[in-house]
């Protein structure tokens, strides 16, 4: 039954992601979806649908089929789009060298060889390892089907399916309500306000599909969610604020800017060290100030989870601000000056000018920064955590990348670590795809 | 300079007028935020000079421990050796990435060949594949090549850059077409064209990429932690770990001093290459 379900899902997602406007597109998409699903499920020999396997794995099998159907459908669409865009843009026809066919391949080969061996191959191996039971340094490898994944999740297959689906349905429903309601009506305004919170609902629902006990992933998920989202939001908002402040001419502005951008050059471990010093409960300046001036006991971050998370967030934000400032400054250069001046003369206040003119022009930069900040908050935060808290207290600051290394290297369970890597990989791809959808049509890429 | 127009608005001449008003609140804002942002560094500089006793007595003036700390960190813990390893790794990767990206950009822009869009897509998609996500598998592969505890293991997996290839592709595509036509008429080979014409026209992009890559590699932490276990071959970011506790127990001063010293090279690179870097991001010319 789960097998049939997974192919139905694959057909639907394949057709939808490839483009179902025409019958032909839908059929091709469905075929691609089935192809993707059979490839992945076949390579695992349909093990997750066996009768003695827990039903959580069957659910995961369906999800896997859907994911690969989407990858094949959307991937084919993107590749074809890229092809037609490349051919359409008249990609450098004149002035190209007419030499032996091997020339470009020689020039590209070093790059391609390295990408194949140190990006594509590890990516492939991460997926294969995630279905194995294997230890670091031993050659013994046993197939484990999807057990590495299912042990991260709750045991109830019904909840596993229902929770994310319900939240997606709610988000979809609100969107539909918004489109159907009269512009200007209360419902229209209400749905417009609550629509952006859909992603929060979805992320919140995911919290409950992770197991909370015996090596479950719930705490790690919560840590990652809190720490990463705080880092991204704070560093972008502060970065934009500083860019606004330091844009334009003030005496000595170049020096100010250089000093403000400086923390960008400082490493995550050093950021961890600096904040470790400031937050230290015995020698740190915060403790001293709290003690001497306000007479209260500064909590110890090695036992206080909130403070530990706060320290990591602040250290990372501090390190990231300079980077964001740099790019926002570059972005502000592209804001159409005449429009701002015209709007100012027309009496638009600075908030209006910011919302109507500056924000749309900053769109592409903000999008780029969102992706890079997200990457930073997922991965580079490792160095900060390793120096500040090492995941303490009681795992409250262990984010996904930290847990991957702990499980995969320190305890040597490569398969389990690889499975967590796959989860993180899916999160990165999912968030990027979601960002692309959000930004579609909302960003003006300017005339230049 | 502010000029007042008829409506009484104060707009900066030739400036976007994003922020209206006098300049002193702006100055104040800038100074305030600068103080906040530089505070962790200033505080670390202060602590670096203090002995543990001075730190615990919450003294706000420079202490007496600087020379001892430097001795402990530099000779005791061989910080120079660690920094040399980092410098070597960062330089090698930066050079390799720049050269490989230039070659890839050259191939993408000045050659037409079958399957180009597919190769392009193949490179493009790697932007979505962060190394860290597959670091366990990468660790296995590099270990099986016997590159543990070696410079090869630190450098080669990171020698290619999709970002760089795109940056140069973009940059070359915006250069005038006549350049390559003229040099072909002169009978120059693609490599001569690259070195004589393209590189001199690309210093800003090369500089911007170099700063980003150098800082990126210098600050790399997770990969060296995994692949290097020999203390002599370790990079400096990881080497800092050994300073968290010295033989005298917990050591704030030496650690802060080392953290500050470690942050100097990327700062030098950043300041030295600031001009091309800012120009690469279209910041330098406040047109």
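The values are calculated or read from the model by the stated rules, or taken from the named source; none is laboratory data. All of these numbers come straight from a predicted model, not from anything done at the bench. Positions of Cβ are backbone-derived with ideal geometry, glycine not excepted, and every protein chain shown enters the neighbour counts.
For this structure, a couple of remarks:
- Within region B:123-135, if we keep just the residues that are without any contact (Cβ under 8 Å) to a residue 12 or more places away in the chain and surrounded by 16 or more Cβ atoms within 10 Å (Cβ to Cβ), the residue that is nearest to residue A:100 (Cα to Cα) turns out to be B:125.
- Sole exception among (1) surrounded by 17 or more Cβ atoms within 10 Å (Cβ to Cβ); (2) under 16 Å from residue A:265 (Cβ atoms); (3) modelled with pLDDT of 80 or more for residue B:278, by number: (3)
- Residue, surrounded by the most Cβ atoms within 10 Å (Cβ to Cβ), within region B:217-232, restricted to residues that are assigned to a helix (DSSP H, G or I) and modelled with pLDDT of 90 or more: B:218
- Count - residues of region B:144-163 that are at the interface with another protein chain (Cβ under 9 Å from one of its Cβ atoms) and in a helix (DSSP H, G or I): 4
- Pick from region A:371-394, criterion at pLDDT 90 or above and away from every other protein chain (no Cβ under 11 Å), ranking: farthest from residue B:259 (Cα to Cα): A:373
- Matching residues, region B:179-193, being surrounded by fewer than 21 Cβ atoms within 10 Å (Cβ to Cβ), at negative phi and either touching a residue at least 40 places away in the same chain (Cβ under 8 Å) or more than 10 Å from chain A (Cβ to nearest Cβ) (or both): B:185, B:186, B:192, B:193
- Checking the stated criteria, residue B:237 turns out not to satisfy the condition of being within 10 Å of another protein chain (Cβ to nearest Cβ), within 19 Å of residue B:81 (Cα to Cα) and modelled with pLDDT under 80.
- Filter result for residue A:235 (part of a helix (DSSP H, G or I) and closer than 26 Å to residue A:385 by Cβ): yes
- The residue that is modelled with the highest pLDDT, counting only those in region A:257-306 that are in a loop (DSSP other than H, G, I, E, B) and farther than 21 Å from residue B:255 by Cβ, is A:304.
- Of the residues A:363, A:347, the single one that is farther than 16 Å from residue A:248 by Cα and within 9 Å of another protein chain (Cβ to nearest Cβ) is A:347.
- Look at (1) at the interface with another protein chain (Cβ under 7 Å from one of its Cβ atoms); (2) under 19 Å from residue B:215 (Cβ atoms) and you find that residue B:93 fails only one, number (1).
- Verdict on residue A:122 being over 29 Å from the mean Cα position of the chain (by Cα), facing another protein chain (nearest Cβ under 10 Å) and crowded, with 18+ Cβ neighbours inside 10 Å: no
- For region B:169-178, taking the residues that are within 25 Å of residue B:119 (Cα to Cα) and within 11 Å of chain A (Cβ to nearest Cβ), the one that is farthest from the chain's Cα centre (by Cα) is identified as B:177.
- If only residues of region A:94-104 that are touching a helix residue (DSSP H, G or I) at 6+ places or on another chain (Cβ under 8 Å) and assigned to a helix (DSSP H, G or I) are counted, the one that is surrounded by the fewest Cβ atoms within 10 Å (Cβ to Cβ) is A:103.
- Qualifying residue in region A:130-141 (condition: at pLDDT 85 or above and outside any strand (DSSP E or B)): yes
- The set of residues in region B:96-122 that are over 22 Å from residue B:211 (Cα atoms) and either within 7 Å of chain A (Cβ to nearest Cβ) or touching a residue at least 12 places away in the same chain (Cβ under 8 Å) (or both) comprises B:107, B:108, B:109, B:110, B:111, B:112, B:113, B:117, B:119, B:120, B:121.
- Residue that is on the phi > 0 side of the Ramachandran plot and surrounded by 15 or more Cβ atoms within 10 Å (Cβ to Cβ), where the choices are A:198, A:248, A:252, A:241: A:248
- Restricted to region A:342-448, the set of helices (runs of 4 or more DSSP H) holding at least 3 residues that are touching a strand residue (DSSP E or B) at 6+ places or on another chain (Cβ under 9 Å) comprises A:414-439.
- Taking the criterion of being at the interface with chain B (Cβ under 8 Å from one of its Cβ atoms) and crowded, with 19+ Cβ neighbours inside 10 Å, the residues of region A:284-303 that qualify are A:285, A:288.
- If you go through region A:108-119 and pick out every residue that is more than 7 Å from chain B (Cβ to nearest Cβ) and touching a helix residue (DSSP H, G or I) at 6+ places or on another chain (Cβ under 8 Å), you end up with 2.
- In region B:57-65 there is no residue that is modelled with pLDDT under 85, not in a loop (DSSP other than H, G, I, E, B) and not assigned by TED's automatic domain parsing to the domain that holds residue B:259.
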